[in-house]
1. Aliphatic (A, V, I, L, M) and under 26 Å from Arg1337 (Cβ atoms), is that true of Val1535?
2. Out of the residues in segment 1531-1554 meeting the condition of being in a helix (DSSP H, G or I) and touching a helix residue (DSSP H, G or I) at 6+ places or on another chain (Cβ under 8 Å), tell me which one is surrounded by the most Cβ atoms within 10 Å (Cβ to Cβ).
3. Working only within segment 802-814, note down all residues that are of a type outside the set (D, E, K, R) and either in a loop (DSSP other than H, G, I, E, B) or open to solvent by 10 Å² or more (accessible area, probe 1.4 Å) (or both).
4. Quick one: in segment 1254-1280, which of the residues that are open to solvent by less than 30 Å² (accessible area, probe 1.4 Å) and of a type in the set (Gly, Ala, Ser) is farthest from Leu1354 (Cα to Cα)?
5. Quick test for you: out of Phe791, Phe781, pick the one residue that is at pLDDT 90 or above, in contact with a Cys (Cβ under 9 Å, 6 or more places away or on another chain) and open to solvent by 20 Å² or more (accessible area, probe 1.4 Å).
6. Could you please find all residues in segment 1477-1508 being under 19 Å from His919 (Cα atoms) and either touching a Ser or Thr at 6+ places or on another chain (Cβ under 7 Å) or polar (S, T, N, Q) (or both)?
7. Could you check how many residues of segment 650-678 are outside any loop (DSSP other than H, G, I, E, B) and either farther than 24 Å from Asn621 by Cβ or touching a residue at least 40 places away in the same chain (Cβ under 8 Å) (or both)?
8. Go over the candidates Ser1090, Ser1107, Ser1174, Ser1184 one by one and state the one that is open to solvent by 20 Å² or more (accessible area, probe 1.4 Å), of a type outside the set (Asp, Glu) and under 52 Å from the mean Cα position of the chain (by Cα).
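The values are calculated or read from the model by the stated rules, or taken from the named source; none is laboratory data. Bear in mind that the values here come from a model prediction, so they are computed numbers and not experimental data. Cβ atoms come from the backbone with ideal geometry, glycine included; neighbour counts cover every protein chain shown. Just so you know, the surface numbers come from the protein's heavy atoms only, side chains and all, with ligands and any DNA or RNA stripped out. Shrake-Rupley method; radii C 1.70, N 1.55, O 1.52, S 1.80 Å.
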Amino acid sequence: RAPLSTLQTALPTSPLSLYITQKGYEKKRSKLIGAFFPQTPGKTEVRVRPVDQSGGPRASKGSTGQSDGRGKRFIGFLALTTHVCLSPDVHTEAVQAALAKNKERKMAVPMPSKRRSLVVQTSMDAYTPPGTRRSDGGRGGGGGGGGGGGTCFSREGSISMERWINRAIHGTSSTTTTTSSTASSSSSSTRSGGSGAAGGRLADVLAQHNHSAPPDVTGYTNNTADGIQVERAPGAGTAAQRPTPKYGNAELMETGDGVPVSSRVSAKIQQLVNTLKRPKRPPLREFFVDDFEELLEVQQPDPNQPKAEGAQMVATRGEQLGVVTNWPPSLEAALQRWGTISPKAPCLTTMDTNSKPLYVLTYGKLWSRSVKVAFNLLHKLGTKQEPLVRPGDRVALVFPNNDPAAFMTAFYGCLLAEVVPVPIEVPLSRKDAGSQQIGFLLGSCGVTVALTSDACHKGLPKSPTGEIPQFKGWPKVLWFVTESKHLSKPPRDWFPHIKDANQDTAYIEYKTCKDGSVLGVTVMRISLLTHCQTLTQSCAYTEAETIVNVLDFKKDVGLWHAVLTSVMNMMHVISIPYALMKVNPLSWIQKVCQHKAKVACVKSRDMHWALVAHREQRDVNLSSLRMLVVADGSNPWSISSCDAFLNVFQTKGLKPEVICPCASSPEALTVALRRPVEEGSTPPGRGVLSMQGLSHGVIRVDSEEKLSVLTLQDVGAVMPGGTMCVVKPEGVPQLCKTDEIGELCVCTVATGTSYYGLAGMTKNTFEVFPVTNSGAPVSEFPFTRTGLLGFIGPGGLIFVAGKMDGLMVVGGRQHNADDIVATALAVEPMKFVYRGRIAVFSITVLHDERIVVVAEQRPDSTEEDSFQWMSRVLQAIDGIHQVGVYCLALVPSNTLPKTPLGGIHLSETKQLFLEGALHPCNVLMCPHTCVTNLPKPRQKQPEIGPASVMVGNLVSGKRIAQASGRDLGQIEDNDQARKFLFLSEVLQWRAQTTPDHVLYTLLNSRGTIASSLTCVQLHKRAEKIAGMLAERGHLQDGDHVALVYPPGIDLIVAFYGCLYAGCVPITVRPPHPQNIATTLPTVKMIVEVSRSVCVMTTQLIFKLLKSKEASAAVDVRTWPPVLDTDDLPKKKPPLLYKPSNPDTLAYLDFSVSTTGMLAGVKMSHTATSAFCRSIKLQCELYPSREVAICLDPYCGLGFVLWCLCSVYSGHQSILIPPSELEVNPSLWLSAVSQYKVRDTFCSYSVMELCTKGLGLQTDSLKARGLDLSRVRTCVVVAEERPRTALTQSFSKLFKDLGLHPRAVSTSFGCRVNLAICLQGTSGPDPTTVYVDMRALRHDRVRLVERGSPHSLPLMESGKILPGVRIIIANPETKGPMGESHLGEVWVHSGHNASGYFTVYGDEALQSDHFNSRLSFGDTQTVWARTGYLGFLRRTELTDASGERHDALYVVGALEEAMELRGMRYHPIDIETSVIRTHKSITECAVFTWTNLLVVVVELDGSEHEALDLVPLVTNVVLEEHYLIVGVVVVVDIGVIPINSRGEKQRMHLRDGFLADQLDPIYVAYNM
């Protein structure tokens, strides 16, 4: 063995290592190993059933402990690794082999992008732009040859492909016995070639596969040959895998449209798409109906999976518990005996951190002090009449780990006083991990007194007054110091009452469950005594033996051996505190040598630390040890620590039979313990079990799949006086078969009796009656569940394969958290994980458990290192356990919550992960590989013809979905303006009849009037503008004029001036002075597309358009003539233009849609007048009315309300520019209150500004007299689905100021018709319905109750305007739809726009949108298509005419909707879910890119929270929408572009993302 380890250690260090080739290394190693092969140094291997030997000479492979690297998987316990492990850990080799097997099927994982401030140690090359890449070496040689060189570096973070695997493993055929394995301690200097470098350019891939567009990864594929095998039939070996092309660095990639892009982002996404070509799929599938026909797949058992075939097991009995004559009748009696007959005998020696004995406690002192404590507890607390503590009461023991003497004194004091001690950890701060749960335990045990030591009491956190504060969740306790000097001496005649052990509770041991809750296990006095007896018999303890204890003495093995059994046998305990182990890991071995100790109690960790540090120690002699109790010997990874420890210390006198692994649990106390045997008797057993079998709960001796085996060591036989059986973990406690893994149950006096105060849980754990197949109970006595999973092997040896708490059932297969930790720890470089701190747990997402791995990384690791390590861990776990990891997170060192002894507090870690408070520094999510139970993508059914649909609706009694507003022809009103065909004529008429009537009032940010216009002022100023246009502009009638004005009066004047001159006005939002570069090009574009021959504007903007900044943004020389209207000519035009035909153009309305398309529509004079009349009727507008308008006046209904309606109806409009609200958020509401306005209009952005900005000021506004009780309609002008949540919170917030909730409503308009619905004054309140979101994805409407799962509230979009007719049509077949069916909203009305105004005159598009006819039914009417999906529903309410009211519900824009998995998703639904997941997400936008869903979230918080959001976002979208997020982008606040109506511009965002312009904080590419 020694020469082999010298080779191992020589390799990384010697300069020769650079010249040793892989082949040479293999040769030398196999030569060294060959010497060990034939002999079998007496370790029998447990074989649970005969194995077919046909696979070549496998028998000879068997029996050696640590030979044959690939043969067995020894779990490498590498926790707390600070130096590389010395013995070539077989587990590591298995992991390397598993990684090498991935040669053929490499994962191309895109590196996440981080902002520099997040990268701790950025390598500057990580940011070189794409295009500077270098690639070393060729491809790795395959097969049996040496792994040729070829580590590829890509020199920047964008597509940093890993140097995937250090080495290739060779010779995978099953006939080779001495498989040439690879060194575990590879150091980066000797990295001899990646097995298949990650070179291979994407361009080749695209050429090979010949896709112009990346594949649809969301599709449903049955062909998994190309992908990653999930299940392999045992014995069949691996399916032949086609070598998939190697992807890697691509300078130029093609996007979905075949357009080459040279962008970091698109390159990564392309890589991601390629990675996901073939999603993992389980072999067979079946569906269950998840309350609707979105069917989630259920894992169907694989017909080839191993099943248990053995006979039913028989309960196994331990040997008789021999009652020795001098065994005491109780533990207190033993203490009294030793304290009186040998008071000088040492009981306990404690060490300080310098390894010096701090204190020796003798049996005499222990006895006298315990008596003193007992007396003081019973008589000195409270009053004589009302003692605070009575026998049977519970008290807490709070002692630090370095003071076992004080603990022992207090513990025995409690036993003597017949008080029940509850030992707990010292709370270090008010918010310790898990301290709240401990407090809950203390509260439920009724603890009122806490015993503690002087030093500990001084160290507890204090309030300024010196009081110890109440810890979070704790009951109020009295702190009682147990040091002798603080206690009163008991009177001479007082003696504690010492009884024989009875059924009273002796002590309560706390236990932390998987979910973090803390239970108290009660142990009776008789159990306590019997347990000490069984340990004495098993360990053959004798009087005055010396025992070294490194374990926690407050609970578990440490308490049982070093506090209880030791006193029963008058032994001498040498206690090594945790603090000393940290400073000197060898301290326990030194103490064993110094005191010639017979027994030591340790954990694997302590052996491992000793291994790491043993070199400096010369004179170690462990020959005195007869027993080394390994407390966590049942843990699968302890075997490698035991082997490695023996390997090193056998030369120092350690005998192999001394190592005694033990299995224990809080409920069953010691479950099993391997006895120290005499030399030459039967050697201990080994089980080499197939992981694949274990995952199905079946024991199979190592199958062909040599990588994934688990090597177990036995933990001895059943304890004396006990009976053990193995039962099925779930359901009825039925006995398992002999080759089945189950939960171990024991029947003996020496176990706990109950969980304190929890009768139900107690019954399920401590009172179990196992039954046979026939249902007969095994025994009349109850068994206790141990919480350990395992089996009883040949010869009654017990093997433990894992804990119930660590069990994760993924896709129907069981995996043990500890095994996965072991695999992760064996991944090179092992040093990467800081002190071996890895947490593995599962979270439930979409009806299955998903594995999460969280590791602390070394402080000096680079981005590249961590990413490389992560990708290897994924491969190793996949190769060995055949299970996908859902999320792998790396956190900075020392940041995971700790348990009192420094381990990781698992439940707290899980809690932080789920709350998004873990703050990882790296995250890799792999939902694509893990989530295999998504619903089947929807196959589009062949469309049923529209005629059949109509007939079907008639047959089922459903109305065709159509509705209309009031008929304009039948409305009698004395509308004078109706006489005129043109708005310009209406204005002239008003200027003559009511010249001084004020039409417009503009407010400034202080709420005072900035300017106002009467009818005659408007008329006169408009005349002057017309004169100016004729004179300076030399314009013809019909010419187009762009009006670039800020919101205000000038805009209105210029508009009517154009009408007077016969020109066609186009209103354009002026460029933003602070943001010319992005806003000016839009202005220029509208001016050019609208073919404006002249631009009118104010002097200020005139200067801006000609400024230096402007010339940097656009070519200023190509502007048409720009007229500044601040100083108008004095003379008016000779005569005003009178249009001849009302169907000619009145104005053009340009707007950018949410998908980023600029569209202008033509409004004729007829449509404009009809529009104004419709609004006048709906809102009952008359000259005496005042209306407050807080909208942008550039397009749609906003423009019509701002500029046109007052002239038509004669009411006064109070104009409030929305930009002024940024200065004074209460401006709009104050104006509404001050002018006693009844009708007001605003946009969503205004409403949001008020909700966020005034949320906390309602009281002060009320005090200032703000009153909204007169408002009868407050309408949000929008072109989207109503934002129910926002309108509701606005209503609730301002209810105190008198706002009636029914007043708030929305309108709906679009490009083809600027206002279809608008909540008027009369008519029923707007209604809200709840629809099933899953049905919507299938284009169906299913109404559900409020609050039911997957429900989505939809608010009615206002009342249909007079003169408007609506029908719902199928967007594909153009057939009419039935009521409550989702379809496209089509509209027919007098104020429809008359077409798109486009430069190219795209006639086809225009005729389709503005002149559509139904394919069936009423085929005569001409409709305009809105492009929005919605449905009509007849309500119970009646409208003004007495008819039942038809409500229109708008769901979303067709062009915004995303087709994913054959279903239609509306971005807003996914965004709503995402915004809810974490308090720091302020805004979210989603879009697709080549079938990948990209989620962009704005983070309001520190950048360290950015990575917390990635798993949360992925989880919520999976849970609520059954979609896998491809990319999560975390950006700063304000990055998501929003237009003036408050709508997200998702397509602009997408372009910015693909062009890499977002400056994201973090981009995560989910695999």
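1. no
2. Ranking the qualifying residues of segment 1531-1554, first place goes to Phe1553.
3. Met804, Gly806, Leu807, Val809, Val810, Gly811, Gly812, Gln814
4. Gly1255
5. Selected residue: Phe781, the only one of Phe791, Phe781 that is at pLDDT 90 or above, in contact with a Cys (Cβ under 9 Å, 6 or more places away or on another chain) and open to solvent by 20 Å² or more (accessible area, probe 1.4 Å).
6. Listed by number, the residues that qualify are Thr1477, Ser1480, Thr1482, Glu1498, Leu1499, Asp1500, Gly1501, Ser1502, Glu1503, Glu1505.
7. 11
8. Ser1107
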